[in-house]
Amino acid sequence: MNPVNYLYLAALLFTIGAAGVLIRRNAIVVFMCVELMLNACNLAFVAFSRMHGNLDGQIIAFFTMVVAAAEVVVGLAIIVSLFRSRHSASVDDASLMKL
Amino acid sequence: MNALAASATSTGEAVQFWVLGTVAVIGALCTILMKKAVHSALCLAGTMIVLAVFYLANGAYFLGVVQIVVYTGAIMMLFLFVVMLVGVTAADSLKETLKGQRWLAAGCGLGFGILLMAGIGQASLSTFNGLGRANAAAGGNVEGLAELIFTKYVFAFELTGALLITATVGAMVLTHRERTERAKTQRELSQERVRGKHLPPLPAPGVYARHNAVDIAGLLPDGTPSELTVNKTLRGRGQIRDVSGGAMADLKALEQRSEERLGREAGRENGRDQDASEVAK
């Protein structure tokens, strides 16, 4: 098997995640799709690391995971406080600054 | 053996790729297509476990384990907690704010995917060195990563530490709620209750002994459900089950059965009804 297949899989997962961000309305599901995109990128990094035979790609994937963890914590806190004030987790309802 | 496994793709890996790759794509599709957020979260967790197996297959042993511990263990559980806080049944609104936005978005996604795939297809990715030598140079995958993190990438590593602390503080600040008014004392609460509308306890939910769950509104004497019997939180979420229709239908069916059993009497009553209607005419 050609290891490039891992890259195709990563591209497919990234595309599915991007489509999910555009299609879904629930803020939590949108956030999950963002996580899916991050994971797809990590898979590409790991596959590249193997193809080129050095560990730098894995380091970048590791940092991506750390940043994703921090991002999830803050993002979910925002969603919870938004839900408290608006009683809805829909991204359509958060239009307070709209004219 | 590790060095060999990390430098060539075997038939076993190909089989693993095609089987688990299918599972990963199905999980990702289910994540964006499932109506309830809980189902989406579980499908995403499945996809992440498959990705962890792929990391292991690619020779990234440390990342594979970290993926399971951090992503499926911590991040997805955090998602599930928030789904529970926000309300499991908070389903997506199906009303479209922008007309045709979903189809346009799906089209954009498809086009983007084709573009990305074509890009990978055109790129010359002929090098394939494998991780065997890189892993062996430092004495193992974890040792190699540690060497890089604490020498070449040490500044980035420090920055991620600062980022994590900031994120923790930020989450605490965002979800903390300041109490703006004084808490009521027991005396005030009792006075409020005596002067309010409901001195006795609120009526209990449930219908007879058949449907006594808390989300079922009790029936008033005329058969209409009383909202007052259901907990305020459930009322706010709109999670009241109405069984009054079912109860009335059951009653009607019971009456019909008894009429059928006592056929003659029913006939006589029908006759009396007919007489009455004729008189009315």
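Read-outs: derived from the displayed coordinates by stated rules, not from any lab. All values derive from a computational prediction rather than experimental measurement. Methodologically, a virtual Cβ is constructed for each residue, glycine included, from the backbone with ideal geometry; neighbour enumeration extends over all protein chains shown.
For the reader, a short list of remarks on this structure follows.
- Residues whose placed amide H lies under 5 Å from that of B:ARG241, excluding near-sequence neighbours: B:ILE216, B:ALA217
- A straight line joining the Cα centroids of the stretch B:172-197 and the stretch B:92-147 runs 52 Å.
- Comparing mean-square fluctuations of B:ASN135, B:ASN58, B:ASN231 from a GNM of chain B with C-alpha springs under 10 Å, the top value falls on B:ASN231.
- Relative to its Kirkwood radius, the Cα radius of gyration of the stretch A:4-86 gives an Rg/Rh of 1.08.
- Inter-probe distance in nm under a simple model that places probes 7 Å from Cα toward Cβ, at B:VAL194 and B:ALA253: 5.0 nm
- Taking 25 °C and 0.890 mPa s as conditions, chain B diffuses translationally at an estimated 90 µm²/s according to Stokes-Einstein applied to its Kirkwood radius (Cα pairs).
- Karplus (6.51, -1.76, 1.60) ³J(HN,Hα), θ = phi - 60°, over the stretch B:101-114, in Hz, Gly and Pro reported as x: 5, 4, 5, 4, 5, 4, x, 4, x, 4, x, 4, x, 4
- Applying D = kT/(6 pi eta Rh) to the protein assembly as shown, where Rh is the Kirkwood radius over alpha-carbon pairs, T corresponds to 37 °C and eta to 0.692 mPa s, the Stokes-Einstein value obtained is 128 µm²/s.
- Legend: calculated FRET efficiency, B:GLN239 to B:GLN16, from the Cβ-Cβ distance at R0 = 30 Å, rounded to 0.05, equals 0.10.
- Computed E for B:ILE120/B:MET172 - FRET, C-beta separation, R0 30 angstrom, nearest 0.05: 0.10
- With respect to chain B, whose longest principal axis is taken over its alpha-carbon atoms, helix B:141-151 is tilted by about 80°.
- FRET efficiency, 1/(1 + (r/R0)^6) with R0 35 Å, evaluated for B:ILE26 and B:LYS99 via beta carbons: 0.70
- Along its principal axes, the stretch B:35-172 has C-alpha extents of 58, 46, 26 angstrom, given from the largest down.
- Scattering curve values for the stretch B:1-89, log₁₀ I(q)/I(0), Debye with Cα scatterers, q = 0.15, 0.16, 0.25, 0.26 Å⁻¹: -0.63, -0.69, -1.18, -1.23
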